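Enquirer: Have a look at this one.
The values are calculated or read from the model by the stated rules, or taken from the named source; none is laboratory data. Small disclaimer: the values here were computed from a predicted structure and weren't measured. Reconstructed Cβ throughout: ideal geometry from the backbone, glycine too, with neighbour counts over all protein chains shown.
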Amino acid sequence: MPPPGVRLNIVRERQEGHGVGTLQNPEMFLGQDYELLQQYYLIRGRRYIDDMFPPDNRSYNNSIKLTHTFLTQIWIHRTSHQFHVFLFFSGNCCFLAALGALTFQKHIMEKFWRFWKWVDVVIDDKLSTLSGELIFVKPKTPNPQNEFWPALLEKAYAKACGSYGDMISGNVSEALMDFTGGVHMKVTLRSTLTGLWDLIDGADKFNSLMGCSTAGKTLPNGLVEGHAYTVTGVRSQGKPIQLVRLFNPWGDTEWTGDWSDRSPMWETVSPEERERYHKNINNGKFWMSVEDFRQTFSNLDICSLSPGLLDGSSDSQWTSVRHERRLLAGTYLEPVVIALVYFFFRSLLSFVQLSHFANMHSLKFESFLVCCANVFCLFYIDIILNFSSSFFANRSPVAYTKDMKSCREVMEFFRMEPGEYLIVPYTSSPNQTASFLVTILSKTETQTE
């Protein structure tokens, strides 16, 4: 009998061979089949309680003690307009920012993208309450007691992450990718950054999802420190004025500077433009100039459903390859010599992503946040060598991640000369065990070993 790891690879290869993990045939998360579960409980006239995500403190990472209630109200379907929410616990504003962006992409709210596979997550309809009110995500609609899809979507995402507690303090880009499976990037905003408008405008034209974050208390300008926002659109009011529209998922405070709801700057545009873009005051949505956006926010997260955003071409063809590997403690001496996976590829424009998963049955990542920070280097190879410690001691990488990053995924974009390269993932400290996935998107055919 093959060892468990080999059996797992065989099962995975068979599933991929039958198209499991595609959008049309998603993988069943934790092996739970929605159709079978629905049939079983309908026949027996019983209400489904999810033992994989039980209604107790285990689902909250043992940090929150709550009561639960079954839903007895009338269900209504998700509406196409944007919603407002408020939080009882404010740790998952990044999820809310991603959720706000998703309301503009209705066709991608059905499944989760998890390490290059679509997964179907089954939940029960038991939601958390406090004094009879839903907590966490709650719509600000005329009849919030009848609308539950945001809270149910949040519960499904919490289950995929491992618990509600594991959702706290994530980042917008990872949440966007979990919902869409798109290519995402993080841009550090600073005064010296050039081409910001072209980047945002191009992302908007590709229907990309965008979020941003401040560097929380409420500031005098109406924004909140350490808070995530959704970028919902861009508009050029003539060449000199370039505006960015944002959405505060909390919906309680807005930008109060130039081009805010009550800014006199709106008097400088035509009545038609003002009527079209300046309405629904105090709804959490607001405009600001791209320069104020650059100065006010610290990061911009972009998630595009197509890698064509990278080169600005909607007709471009990209190839992708991915490899799973496992790093075993005690198999190496120094962090930099971890050559567990290497790829040879010929490409002029490439996107490399390193993903770390601590638990194959969840998206939670608390273990490697403590012990592992992910980076990788690229070495140019002119001849095939033995990749020992002397190889790395005598060579400098031609490209590498700029910072040691404690996050689930590390992505970098490279323009490389055609040739053969070695990709070397490594961690901040030696003697660690970790599983990881390396993905390469390239404009040309990529050959890997």
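Enquirer: Which strands (runs of 3 or more DSSP E) sit wholly inside the stretch 384-449 and have at least 3 residues that are in contact with a Gly (Cβ under 7 Å, 6 or more places away or on another chain) and modelled with pLDDT under 70?
Expert: Values: elements: 409-414, 420-426, 434-442.
The strands (runs of 3 or more DSSP E) meeting that bar number zero.
Enquirer: Give the residues of the stretch 118-133 that are in a strand (DSSP E or B) and over 29 Å from G31 (Cβ atoms), sorted by residue number.
Expert: Start the filter on the stretch 118-133 by keeping residues that are in a strand (DSSP E or B), which leaves 118-120, 126-130, 133.
If the condition is that a residue be in a strand (DSSP E or B) and over 29 Å from G31 (Cβ atoms), then T129, L130, E133 are the ones that fit.
Yes/no matrix, rows are residues, columns are (1) in the same structural domain as V187 (by TED's automatic domain parsing); (2) touching a His at 6+ places or on another chain (Cβ under 6 Å); (3) part of a loop (DSSP other than H, G, I, E, B); (4) at pLDDT 90 or above:
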position: T232; (1), (2), (3), (4): yes, no, no, no
position: T253; (1), (2), (3), (4): yes, no, yes, no
position: W259; (1), (2), (3), (4): yes, no, yes, yes
position: R274; (1), (2), (3), (4): yes, no, no, no
position: F293; (1), (2), (3), (4): yes, no, no, yes
